[in-house]
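The values are calculated or read from the model by the stated rules, or taken from the named source; none is laboratory data. Remember, predicted model here, so these are calculated numbers, not experimental data. In this analysis, Cβ positions are derived from the backbone assuming ideal geometry, glycine residues included, and neighbour counts consider all displayed protein chains.
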Amino acid sequence: MEKLEKIYEGKAKIIYSTADEDLLIQYFKDDATAFNAQKKAIIANKGILNNKISEALMKNIIAAKIPCHFVKKINDREQVIKKLKIIPLEIIIRNIAAGSMSKRLGIKEGSELIEPIFELCYKEDSLNDPLINDDHAINVLKVINKEQLELIKKYAFLINKILINLFLKSNLQLVDFKIEFGFNKNGEILLADEISPDSCRLWDIKTKQRFDKDLFRRDLGDLIAGYEEVLKRITNE
């Protein structure tokens, strides 16, 4: 499939149009960012690893009958995806206290949570993606209605169960993850973006060694080695 015009470029990906108005090409960059792009670097092969990892995870989600924008991986850096209108909300599911939640609530990182926590952020770089609640999304920002948000919550918790089980088989603990959704031309809600160590916290079950973007964010080690380990564990590559 031939990529045509560049229609969007984000921190980690570029989106191109194709001859099919319902399909796009998603290109994975090597750019690494943290703290709302205040920390930046280009890390060779990061995009290739994220493309492969996201493909593997999306296939498991599709197999569980959760609607998803992923169609197929076409080369080391590109995927064909369904065209969506992205909902400007970041969905975060937390299984273990870590990152901003630990800082915000004064909870020791690594603390077990009674059950998974659903968080909602308004996707707006100029505002540093603020944490919001359901009423903000529905009644203030008006980017979604109550029924649509309930469906997104349902999908998010189902995705959490799928990923927890998948990673457990690889001796990885899914600490938390961020996902996005969008509307297709029929108004249906589909999972969008990517799922990779850029958007998940993944710890070794026994050692608690980290294999995610915290390696870059906190200068904890070799990011590429960490992502390669995730790919190896979930795909045996």
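Of note:
- Any hit, region 59-75, residues being modelled with pLDDT under 95 and either farther than 25 Å from residue 173 by Cβ or assigned by TED's automatic domain parsing to the domain that holds residue 185 (or both): no
- Residue 169 being over 24 Å from residue 11 (Cβ atoms), outside the structural domain of residue 11 (by TED's automatic domain parsing), in contact with a Phe, Trp or Tyr (Cβ under 7 Å, 6 or more places away or on another chain) and basic (Lys, Arg): no
- Close pairs from region 187-211: first under 30 Å from residue 150 (Cα atoms), partner surrounded by fewer than 21 Cβ atoms within 10 Å (Cβ to Cβ) and of a type in the set (S, T, N, Q), Cβ under 6 Å, at least 6 apart: 190/184; 203/173
- Unmet requirement for residue 67, which otherwise passes all of (1) in contact (Cβ under 8 Å) with a residue 60 or more places away in the chain; (2) surrounded by 18 or more Cβ atoms within 10 Å (Cβ to Cβ); (3) not β-branched (Val, Ile, Thr): (2)
- If you check 192, 225, 156 for being at pLDDT 95 or above, among the small types (Gly, Ala, Ser) and touching a His at 6+ places or on another chain (Cβ under 6 Å), only one passes: 192.
- Residue within region 214-232 that is farther than 16 Å from residue 31 by Cα, touching a residue at least 40 places away in the same chain (Cβ under 8 Å) and not charged (D, E, K, R) present: yes
- Criterion violated by residue 44 - all others in (1) outside any helix (DSSP H, G or I); (2) under 24 Å from residue 235 (Cβ atoms); (3) touching a Lys or Arg at 6+ places or on another chain (Cβ under 7 Å) satisfied: (3)
- Of all residues in region 141-170 being free of Cβ contacts under 8 Å to residues at least 60 places away in the same chain and under 12 Å from residue 64 (Cβ atoms), the one that is surrounded by the fewest Cβ atoms within 10 Å (Cβ to Cβ): 165
- Checking each residue of region 199-213 against the condition of being surrounded by 19 or more Cβ atoms within 10 Å (Cβ to Cβ), under 16 Å from residue 61 (Cβ atoms), modelled with pLDDT of 95 or more and assigned by TED's automatic domain parsing to the domain that holds residue 162 gives at least one match.
Here is a yes/no grid of residues against (1) closer than 15 Å to residue 196 by Cα; (2) surrounded by 18 or more Cβ atoms within 10 Å (Cβ to Cβ); (3) of a type outside the set (Phe, Trp, Tyr):
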position	(1), (2), (3)
39	no, no, yes
44	no, no, yes
59	yes, no, yes
101	no, yes, yes
123	no, no, yes
126	no, no, yes
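- Within region 197-210, not a single residue is farther than 18 Å from residue 31 by Cβ, assigned to a helix (DSSP H, G or I) and either basic (Lys, Arg) or in contact with a Pro (Cβ under 7 Å, 6 or more places away or on another chain) (or both).
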